[in-house]
Amino acid sequence: MKDRKVKKFFSNLSRMAVLSFLISIIICSSMVGVVIVNKERSEALQQEQFILEKSLRIQEALSRLFFRTEILAALIRQGNGYIEDFDAIAALIVDDPSISNILIAPDGIVTSVFSTHDDVSSMIGHNFFDESSGNIEAIKALEMGELVMAGPFMAVQGHMILAGRLPVFLDTERTNLWGLVSVTLRFPEALDNAELSRLRIQGYEYELWRINPDTGERQILDSNIQDASADARYVEERIQFLNANWHLRLLTTRSWYNYPEVIILIIAGFFVSLLVLFIAQNNFRLKQTRAELDILAKTDPLTGVYNRRYFADIVQTDIKRSNRFNEKCYIILIDADHFKNVNDTYGHLTGDKVLIELARRMKEIIRPYDLLARYGGEEFIIYMPNSNQDGIAAATERLRLRICEHSFKFADANLDISASFGVAVIDDSIEKAIKNADDALYKAKEEGRNRVVFYRA
């Protein structure tokens, strides 16, 4: 039952209602599109802002931690190559849990190591200036005379580390080499102050990578990517810190359907479009009802020709125009002959069919600007403006022949119908002309029916 009602509703929709609905959908879709585009642009700008901020935070976090090498170097220069009570001083320097250890290496050989996490006694005696594979960054620091970062790589203790190697000179001319100091950081804990972990809460995933200097291949240093699609929008920023070239990639995990304002706008747009559809359909029905009432006010519901009242109003107006141009206008009354016998013999339904066919045949003959109306019962009336007696005689004869020459064939009857015609010119008033035409029609009936009679005073 509900399906039938729905189908009936959609089948009765007007073209204007459907068009209004589609236009509303298009407008709302365009608005949603604009909101999505603006939101995407805003997100892209925010993404650029985040990646710049995080890149600076990474550099800041590493700089702050590796600054301990500068502190050690300054203490060594102040003590002219000697640090008294290294462990006590180191305990003050190691104030961050991400620092794995710090050490000093006069002439490149490790003499003291401090760590709050690991057993680092095995590092004592290690020579950083020995040109072995594990000392590449230490040799590079010596050659460059500045801090160099190594890693991240796996430490013997089983976790990833970053190491900062700084050569120490006892003179300002940097000719009197004392040795090397180093700070080792746990990775990725060293980046905790950059707060990369908060990116997921903000709707982003990240990937920190570099080209591995040993293998030449892309190496992911840190990442929180879990469910980002292959076509996810991302931005990338290069991070240059000391001798390292890292890359931070930031991917958004949010799509247009994740924005609540877009969903709200889509829902609102759909309901607005439905409202437009119902309003347009109601307006259509209202216009349709008005049109039907207008037709009912002007036409005979059975035959579809004008009714008597509307006929009188139109003719009354047109007569004034005709009088200004001295045009002759005529009234023709038509009455179906022996119509009562049709009703009595075949019933009123057949009689109605005869009247409908009678009106149809007459409409085929009259001119477009002539007026045909049902005058009452089986009587019809025609107003023919701008004519003369010969023209009216020929027109009425064609009407008579069109009615009587062919039988009225119906499923329940095959009838020979004729009609009588009374014609009068409009001289003074429409009422007088109708009376004169009625007198002529009465005379046509008396003279044997199926004929045209003109009124003669």
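The values are calculated or read from the model by the stated rules, or taken from the named source; none is laboratory data. These figures come from a predicted structure and were not determined experimentally. With ideal geometry, Cβ positions are generated from the backbone for all residues, glycine too; neighbour counts draw on all protein chains shown. We work out accessible area using only protein heavy atoms, side chains counted, and drop any ligands, DNA or RNA first. Shrake-Rupley method; radii C 1.70, N 1.55, O 1.52, S 1.80 Å.
In the stretch 162-236, taking the dipole from charged Cβ atoms about the Cα centre, the farthest positive-side position among Val168, Thr184, Ile220 is held by Val168.
Protein-only accessible surface at a 1.4 angstrom probe places the residues Met31, Met362 in the order Met31, Met362, largest first.
Return the whole-Å distance between the Cα centroid of the stretch 198-227 and the Cα centroid of the stretch 306-356. A separation of 93 Å, based on Cα centres. Summary value for the chain: 12 percent relative contact order, contacts being C-alpha pairs under 8 angstrom separated by 6+ residues.
Placing unit charges on the Cβ atoms only, positive for Lys and Arg and negative for Asp and Glu, gives the chain a dipole magnitude near 4280 debye about its Cα centre. Normalised by the residues of the stretch 6-143, what does the relative contact order come to in percent, with Cα pairs under 8 Å and at least six apart? With pairs under 8 Å counted, the relative contact order is 10 percent. Rolling a 1.4 Å probe over the protein heavy atoms leaves Lys287 with an accessible area of roughly 140 Å².
How high is the relative contact order of the stretch 115-214? Use alpha-carbon pairs under 8 Å, at least six apart in sequence, and give a whole percent. Walk me through the numbers on the way to the answer.
Working: 107 pairs, mean separation 16.2, N = 100.
The normalised contact order for the stretch 115-214 reaches 16 percent.
When the surface is traced with a 1.4 Å probe over the full set of protein chains, Tyr455 keeps roughly 90 Å² accessible.
At 0.36 nm per residue, minus the direct Cα-Cα distance, what do Val272 and Gln226 gain on full extension? Give it in nm, one decimal, please.
Numbers: separation 46, 0.36 × 46 = 16.56 nm, distance 3.89 nm.
That pair, Val272 and Gln226, stretches by 12.7 nm at full extension.
For the stretch 92-159, treating each Cα as an identical point scatterer without solvent, what Debye log10 I(q)/I(0) comes out at q = 0.16, 0.21 1/Å? Debye curve over Cα of the stretch 92-159, log10 I(q)/I(0) at q = 0.16, 0.21 Å⁻¹: -0.61, -1.07.
Counting protein heavy atoms only, the chain has 54 percent of its accessible area on carbon and sulfur, 1.4 angstrom probe. For Trp178, nonlocal amide neighbours, meaning residues 5 or more places apart or on other chains whose placed amide H falls under 5 Å from its own, are Val168, Phe169, Leu170.
Based on the Cβ-Cβ distance from Phe410 to Ile23, what FRET efficiency comes out when R0 is 41 Å, to the nearest 0.05? If you can, show how the numbers build up before the last one.
Numbers: r = 48 Å, r/R0 = 1.18.
Taking R0 as 41 Å, the efficiency between Phe410 and Ile23 is 0.25.
For Rg/Rh (Cα atoms, Kirkwood Rh), the value calculated from this model appears in [x] 0.96; [y] 1.01; [z] 1.62 under label [z].
With the whole protein complex present, His126 retains an accessible surface near 80 Å², based on a 1.4 Å probe. Magnitude of the charge dipole for the stretch 66-117, about its Cα centre and with charges confined to Cβ atoms of Lys, Arg (+1) and Asp, Glu (-1), is about 120 debye.
For the residue pairs Lys320/Lys435; Lys298/Lys328; Lys320/Lys432; Lys328/Lys353, the alpha carbons lie more than 23 Å apart in Lys298/Lys328; Lys328/Lys353.
With respect to the chain, whose longest principal axis is taken over its alpha-carbon atoms, helix 430-446 is tilted by about 60°.
Using the heavy atoms of the protein chains and a 1.4 angstrom probe, tell me the accessible area per residue for the stretch 56-133 in square angstrom. Spell out each step's value before the answer.
Values: 4060 Å² over 78 residues.
That works out to 52 Å² for each residue.
Given the options Phe278, Leu399, Val305, identify the residue whose Cα lies farthest towards the positive end of the charge dipole of the chain (+1 on Cβ of Lys, Arg; -1 on Cβ of Asp, Glu). It is Leu399.
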